[in-house]
Amino acid sequence: MIFTLWKKEIESYFSSPLAYVLIGLFSLISGIIFFNLLVSYTDGIQAMPQNYAEQISFVEEVVLKFFANVNFLFLVFIPLITMKLFSEEIRMETLDLYWMSPIREWQIVLSKTLAALTLVFSLLLITGVFPLVIWGVGIRDVHLLGTSYLAVMMNASAYIALGLFCSSISGNQIIAALLSVLGIMFLWMITWGGHLNSNYVVAEIFTYIGITSHFERLLRGILGTQDIIYYGSFVLVFSFLTVKSLGRRNW
Amino acid sequence: MDKILVVDGVTKEYPGRVAVKEASFQVTKGSIHGFLGPNGAGKSTTMKMIAGILPTTSGEIRLFGQKVLPENRELKNQLGLLPENPPLYEDMKVEKYLQYVAKLHGVKNTKEQVEKVMEELSLADVRGRLIGNLSKGYKQRVGLAQAIVYDAPFLILDEPTNGLDPQTVVELRDFIKKLSADKTILFSSHVLSEVEQLCDHITIIHKGKIRASGNLQDIHRKFRQGLVLKLGIGVGQKLPDLMSFGKYEINHHSTLSMEEQFLINFESETDIRSELGKFILDRGLNLMTLHIESPELEDIFLHMTETKK
């Protein structure tokens, strides 16, 4: 059943120009970013005295910065991907179709999350060219590349769960998108708040709640249980809220 | 007789507004039950509560003997709903959409079932078209197809013919009539002639309250107060005083080419046609028309919805 629901969402994405525009824009912008990072890296090396050149790490300067930029692009792209998932159904009153059927709320939420993840995955697929370039340069760290992509996908799942919830509380796509943008920015700001706080415990709590610290650890190739628990519970909590928000409409 | 649907004292309150107040009525198996009321009377709200997609504030709805609750998933495949705004995905093609709905309801032979429904509703020609590009009539057909594609024994149709062209209206009406052979249908409308043609049972709702419910004939009988006669006498002739037949009231008078026609409401229900005929002829008047007027559903409807304001 999940497959049927997922397939319908995917077909809906690719029957409108939105998916193609997003994929096109994403590959264009991420391409420009990657190119610029490469250029500034080589410029940096050339500007350095011979002996110091190897101190500029390719991983630090290009790979990590690139994925951090991808994360930044998600601030705009993911709300655009999730905004219509429930808003459109609320506006067109098509959710009745599901309420009349034996489908459960969680099945709808899960299938829509998977569909959005699939679209994000196809966005990232284009960036698969860059690891090939990196490979060519001689950086052959499969583990690092693996965790980097994992980090980006984990962040994407969290943003999608948040975006889906925003979409489920408004029949207006624009409002849903704006709410998700604000939500994602808030997640980033919590970490900054942690940095600014002088109380150690409060700062630690803020850092844990904020998404950035987990993302950075993953990017550096560290996958700890606390990060798995963080992302897992984040997605579960927001999916649960979405189910509840749908249930409120239903009964 | 089997009661498929029992609505028992159902109330629906929104903040600051009561949409439906203690509504009670029953729908008998195999009937087409007309649900009548002016716009905003609470028809759609009641229908959505019966379908289990809108919570009741109080009261109970039982369908096939089971309480209607969102978690009661057994009922989901037994009930088809065509809401006021059909739940259509405008970016889907007709055939795909119907197959999708069938799959949601776990229909095994999806392809054949969809094919059959498209054939019945003359949708085969538009199977490959996007729903968003269809005319209103076709959208309504797809909406109806969606409600019957999983072969539910009970159908709720909310104003299925509203705003459609006359030909489509006739076709849909015939189709609904055909459906009633093996299904029970609750059907709302504010077109009275349609309800009279299709339904054997009706429920009238106004301002959230049920005004009348039951067999169409019984309701007719109940609302015929006294005796209404249509009496025609020769052109230019004057109607004599009829007080000898008891209290009466002339509801309507019109001058036609051949006669003066009166619609007279007598307080007593006794059939006085033969005496009245003799009375007219004895006074040297021409008797052109004399028959009992049974009240139209429209009269009942207007009576229910106006006088009780």
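Every number here is computed from the coordinates shown, using simple stated rules; none is lab data. These numbers come from a predicted model, not from an experiment. Glycine gets a Cβ as well: all are built from the backbone with ideal geometry, and neighbour counts include every protein chain shown.
Note on the stretch A:124-174: along the principal axes its Cα atoms extend 50, 18, 10 Å, ordered by decreasing extent. D by Stokes-Einstein for the protein assembly as shown, Kirkwood Rh over Cα pairs, 37 °C, 0.692 mPa s: 115 µm²/s. Between rounded, prolate and oblate, where does the stretch A:1-141 land on the alpha carbon gyration tensor, with a ≥ b ≥ c its root eigenvalues, rounded for a/c under 1.5, else prolate if a/b exceeds b/c? Judged from the Cα gyration tensor, the stretch A:1-141 comes out prolate (a/c at least 1.5, a/b above b/c).
Within the stretch B:39-121, the GluC sites (Glu not before Pro) that combine a DSSP coil assignment with at most 12 other C-beta atoms in a 10 angstrom radius are B:GLU71.
Counting each pair of different Cα atoms once, what's the Kirkwood radius of the stretch A:208-251 in Å, rounded to one decimal?
11.8
Under a Gaussian network description of chain B, with springs only between Cα atoms under 10 Å, the residue in B:LEU134, B:LEU290, B:LEU256 that fluctuates furthest is B:LEU256. Taking the Cα centre of chain A as reference, the dipole from Cβ charges on Lys and Arg (+1) and Asp and Glu (-1) amounts to some 540 debye.
Per residue, the convex hull spanned by the Cα atoms of chain B amounts to 167 cubic angstrom. Dipole of the protein assembly as shown computed with +1 at Lys/Arg Cβ and -1 at Asp/Glu Cβ about the Cα centre; of B:VAL117, B:MET243, B:SER257, farthest Cα towards the positive end is B:VAL117. Is there a pair in A:LYS8/B:LYS116; B:LYS177/B:LYS247; B:LYS67/B:LYS136; A:LYS84/B:LYS178; B:LYS96/B:LYS183 whose C-alpha atoms are over 32 Å apart, and which pairs would that be? In this structure, B:LYS177/B:LYS247; B:LYS67/B:LYS136; A:LYS84/B:LYS178 exceed 32 Å between Cα atoms.
Between A:LEU182 and B:ASP125, the distance separating the two model label sites (each 7 Å from Cα on the Cα→Cβ line) works out to 5.1 nm.
The charge dipole of the protein assembly as shown, taken about the Cα centre with unit charges on the Cβ atoms of Lys, Arg (+1) and Asp, Glu (-1), comes to about 620 debye, rounded to the nearest 20.
Among A:PHE86, A:PHE165, A:PHE234, the residue with the largest mean-square fluctuation in a Gaussian network model of chain A, with springs joining Cα atoms closer than 10 Å, is A:PHE234.
Local charge for B:SER24 was computed over the other residues whose Cβ lies under 14 Å away, with Lys and Arg +1 and Asp and Glu -1, and equals +3. Inter-chain Cβ neighbour count for B:84-92, averaged per residue, equals 5 (cutoff 10 Å, partner chain atoms only).
Peptide A:91-98 has a mean shielding of 6, counted as Cβ atoms of other protein chains within 10 Å of each residue's Cβ. For the protein assembly as shown, DSSP calls about 70 percent of its internal beta bridges antiparallel. In the stretch B:225-293, one over the average inverse separation of all distinct C-alpha pairs is 12.0 Å, which is the Kirkwood hydrodynamic radius. Evaluated over the Cα positions of the stretch A:2-250, the convex hull gives a direction-averaged projected area, one quarter of its surface, of 15.5 nm². Relative contact order for the stretch B:225-293: 47 percent, from Cα pairs under 8 Å spaced at least 6 residues apart, divided by residue count.
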